[in-house]
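Comments concern the structure below.
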Amino acid sequence: MQSFLIALQFLTCIPVRLRGMPEPHELGKSLLYYPLVGLLLGGMLWLFALVTAHAAAPLQAALVLTAWVGLTGALHLDGLADSADAWLGGFGDRERTLAIMKDPRSGPIAVTVLVLLLLLKFVALLALLQSGYLLALLIVPLVGRGALLGLFLTTPYVRPGGLGDALSAHMPRTGVRVVLVIVVLGCLLAGNLGWAALVIAFCTAWLVRRSMCRRLGGTTGDTAGALLELVECTVLVGLALLG
């Protein structure tokens with residue numbers, strides 16, 4: 001239970017009280033619950049979409065997106081902003097890229113990327129809600145956090161001492177593989193939307209991971225957050241286009 005609460009506290013703004021400071025093995029085990037937290041988040045978004053169904057479609061999409069960002073505390077958006085600044089400002093240099101990611105300030109590149117991503121998410125949500133594809137609200141947060149499991153399972157963590165370092169070092173690898181299989185099976189059982197989401201998420205995650213490995217030799221907390229946001233965005237847009 002403690003590991004689930006750690007995942008819930010880290011990935012959402014839901015008030016959670018832990019039993020003291022988490023042990024390293026509990027931090028690693030919390031990765032197993034990331035997809036479950038994604039499913040919980042998706043369920044809350046689904047219910048919120050039902051509650052706001054009487055609103056005009058653009059307003060409903062804006063409200064759902066606002067709730068999405070609010071529930072996650074914009075944690076992964078922050079990672080995307082830092083990564084965007086670092087990728088362009090790093091000029092291909094690994095150490096310069098890592099240094100820029102540690103700078104809490106956001107430059108014009110970060111702002112531009114965030115605006116474009118949120119715009120794409122809003123328009124995709126609008127199209128999906130108008131088409132009645134509420135199932136996407138469950139699938140997208142699930143595959144996004146499943147992508148994080150795949151990233152930590154296959155990619156070295158390159159910033160020693162960070163939270164991601166503890167997650168990577170202590171995660172139960174066999175358990176992570178089992179959870180990933182469950183996520184894949186769950187998406188396949190969801191029908192065409194689930195199949196499409198899996199393919200789009202895998203392709204996006206593979207491309208983003210390849211870029212990380214070429215530039216940094218692995219991942220950081222910021223790039224992990226960027227991967228999740230990019231996976232969610234591309235899956236939303238892809239489902240909207242297919243719908």
Q. Considering only residues of region 48-60 that are more than 12 Å from L134 (Cβ to Cβ) and either touching a residue at least 40 places away in the same chain (Cβ under 8 Å) or outside any helix (DSSP H, G or I) (or both), which is most open to solvent (accessible area, probe 1.4 Å)?
A. H54
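For region 11-35, how many residues meet the condition of being touching a residue at least 60 places away in the same chain (Cβ under 8 Å), open to solvent by 40 Å² or more (accessible area, probe 1.4 Å) and part of a helix (DSSP H, G or I)?
Number satisfying all stated conditions: 3.
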Q: Just need a number here: residues in region 80-110 that are open to solvent by 80 Å² or more (accessible area, probe 1.4 Å), part of a helix (DSSP H, G or I) and more than 18 Å from V158 (Cβ to Cβ).
A: 2
Q) When you look at R215, is it at pLDDT 95 or above and open to solvent by 70 Å² or more (accessible area, probe 1.4 Å), yes or no? A) no
Q) If we scan region 27-39, do we find a residue that is farther than 23 Å from A74 by Cβ and not hydrophobic (A, V, I, L, M, F, W, C)? A) yes
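Conditions (1) open to solvent by less than 40 Å² (accessible area, probe 1.4 Å); (2) of a type in the set (A, V, I, L, M, F, W, C); (3) not in a helix (DSSP H, G or I), marked per residue:
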site	(1), (2), (3)
S168	yes, no, no
G175	yes, no, no
V178	no, yes, no
I182	no, yes, no
W195	no, yes, no
A201	yes, yes, no
L207	no, yes, no
R210	no, no, no
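From L228, L148, L239, which residue is crowded, with 20+ Cβ neighbours inside 10 Å, over 28 Å from L98 (Cα atoms) and in contact (Cβ under 8 Å) with a residue 12 or more places away in the chain? So that I can check it myself, show each step before the final result.
Working: L228 fails: over 28 Å from L98 (Cα atoms); L148 fails: over 28 Å from L98 (Cα atoms).
Answer to the selection: L239.
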Q: Give just the number: which of (1) of a type outside the set (K, R); (2) under 25 Å from G92 (Cβ atoms); (3) under 12 Å from the mean Cα position of the chain (by Cα); (4) open to solvent by 10 Å² or more (accessible area, probe 1.4 Å) does L142 not satisfy?
A: (2)
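With the structure loaded, tell me whether R159 is surrounded by fewer than 23 Cβ atoms within 10 Å (Cβ to Cβ), of a type in the set (K, R), outside any helix (DSSP H, G or I) and at negative phi or whether it fails that test. Don't jump to the end; show me each part of the working.
Values: surrounded by fewer than 23 Cβ atoms within 10 Å (Cβ to Cβ): yes; of a type in the set (K, R): yes; outside any helix (DSSP H, G or I): yes; at negative phi: yes.
Yes, satisfied.
The values are calculated or read from the model by the stated rules, or taken from the named source; none is laboratory data. Since the model is a prediction, treat every value here as computed from it, not as a measurement. When we count neighbours, we look across all protein chains shown, and the Cβ atoms used for this are built from the backbone with ideal geometry, even at glycine. Only protein heavy atoms, including side chains, enter the accessible area calculation; ligands, DNA and RNA are left aside. Shrake-Rupley method; radii C 1.70, N 1.55, O 1.52, S 1.80 Å.
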